[in-house]
Amino acid sequence: MAGFEFDPIAHCYTLGGRVLPSVTQILRGLDDFSNVPARVLEKARDRGSRVHAACNLDVLGTLDENTVDDEVAPYLAQFRRFLRESGFQPTLTECRVYDDKLWYAGTLDLFGDLPGCIDVQIDIKSGLIPRSVGPQTAAYACAMYARTGLKTRKRYVLDLKQKTYSLPRLDGIGDMDIFKNQLRKFNEGKQ
C-alpha cells in the first residue's frame, strides 16, 4: 500500500490515497461546547495550537525564543518546568500515527520515558480538559502500536496553566471502547 501522508493545510491524513478520519473528527461528538461562543472557542483553539507548536519546537531544540508571544510564554514556561521537575525524556514529539485496520489517524503530542516508567504518552492541553482526552490517547496508543509496535504503558494529560501545571493519569479501562463506539457512529454517519 502506498505511503501514509499528512496535509497540514487541509489537516488531512491519507493512506494509499484514501482519506483516514482523524481521532479529533471521530471524537468531536463527545465534547459539548455548544454553550461556548464560537469566537471564544476559536481563540482557545488558536492559543492551543501555538502552545503545541512552541512545546514541539522546544523539544526539538529549534525554538526561536523571539517567536514566542506574550500569551504563549507562560504556558511554555510551565512546560519547561514540567520537563525539569518530572524528568520526562521525550523520544517522539508530534508523532503521526494510523491504524489501517480500524481506519483512522492522528498526531500524538509526546512519547517518552518518566523515571520508573518507559513508553509513556502525554497529551498537552492548555485549556479545559475535554472528556474526550482519555479515548483520544487510547486511540493514539492503539495506532502507535499498530504502526510501530511500541506499546504505550501509561497515558497522561499535561494540563498547562499560566502559573502551574498538573499531570493527571488517564487510566480509563473503557477509553478504547468509547473511541471504537464513536468511530462506529462516525462511519455510520458517512453512509
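Of everything in region 54-73, what is in a helix (DSSP H, G or I) and surrounded by fewer than 16 Cβ atoms within 10 Å (Cβ to Cβ)? Give them in sequence order.
Those that are in a helix (DSSP H, G or I) and surrounded by fewer than 16 Cβ atoms within 10 Å (Cβ to Cβ): 60, 65, 66, 67, 73.
In region 164-191, what residues are among the hydrophobic types (A, V, I, L, M, F, W, C), over 20 Å from residue 31 (Cβ atoms) and surrounded by 12 or more Cβ atoms within 10 Å (Cβ to Cβ)?
Result: 167, single match.
Determine whether residue 128 is closer than 24 Å to residue 42 by Cβ, touching a Cys at 6+ places or on another chain (Cβ under 6 Å) and not hydroxyl-bearing (Ser, Thr, Tyr).
Spelling it out, it is not the case that residue 128 is closer than 24 Å to residue 42 by Cβ, touching a Cys at 6+ places or on another chain (Cβ under 6 Å) and not hydroxyl-bearing (Ser, Thr, Tyr).
Out of everything in region 1-35 that is assigned to a helix (DSSP H, G or I), in contact with a strand residue (DSSP E or B) (Cβ under 9 Å, 6 or more places away or on another chain) and open to solvent by 70 Å² or more (accessible area, probe 1.4 Å), what residue ends up being farthest from residue 107 (Cα to Cα)?
25
Within region 146-191, track down each residue that is among the small types (Gly, Ala, Ser) and either touching a helix residue (DSSP H, G or I) at 6+ places or on another chain (Cβ under 7 Å) or part of a helix (DSSP H, G or I) (or both).
Of everything in region 146-191, those that are among the small types (Gly, Ala, Ser) and either touching a helix residue (DSSP H, G or I) at 6+ places or on another chain (Cβ under 7 Å) or part of a helix (DSSP H, G or I) (or both) turn out to be 146, 172, 189.
For region 87-98: of the residues being open to solvent by 10 Å² or more (accessible area, probe 1.4 Å) and touching a residue at least 40 places away in the same chain (Cβ under 8 Å), which is farthest from residue 47 (Cα to Cα)?
Step by step, filter region 87-98, then rank; the result is 98.
Taking the conditions exactly as written (part of a strand (DSSP E or B), closer than 15 Å to residue 167 by Cβ, touching a residue at least 12 places away in the same chain (Cβ under 8 Å) and in contact with a Ser or Thr (Cβ under 9 Å, 6 or more places away or on another chain)), does residue 123 satisfy them or not?
yes
Give the residues of region 38-53 that are more than 14 Å from the chain's Cα centre (by Cα) and surrounded by fewer than 15 Cβ atoms within 10 Å (Cβ to Cβ), sorted by residue number.
Those that are more than 14 Å from the chain's Cα centre (by Cα) and surrounded by fewer than 15 Cβ atoms within 10 Å (Cβ to Cβ): 38, 39, 40, 41, 42, 43, 46.
Residue-by-condition table, conditions (1) among the small types (Gly, Ala, Ser); (2) within 14 Å of the chain's Cα centre (by Cα):
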| position | (1), (2) |
| --- | --- |
| 111 | no, yes |
| 116 | yes, no |
| 150 | no, no |
| 160 | no, yes |
| 169 | no, no |
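The values are calculated or read from the model by the stated rules, or taken from the named source; none is laboratory data. A quick note: this is a predicted structure, and the numbers were derived from the prediction, not measured. Note that each Cβ is placed from the backbone with ideal geometry, even for glycine, and that neighbours are counted across all protein chains shown. For the accessible areas, the whole protein counts, side chains as well, though only heavy atoms, and no ligand, DNA or RNA atoms are used. Shrake-Rupley method; radii C 1.70, N 1.55, O 1.52, S 1.80 Å.
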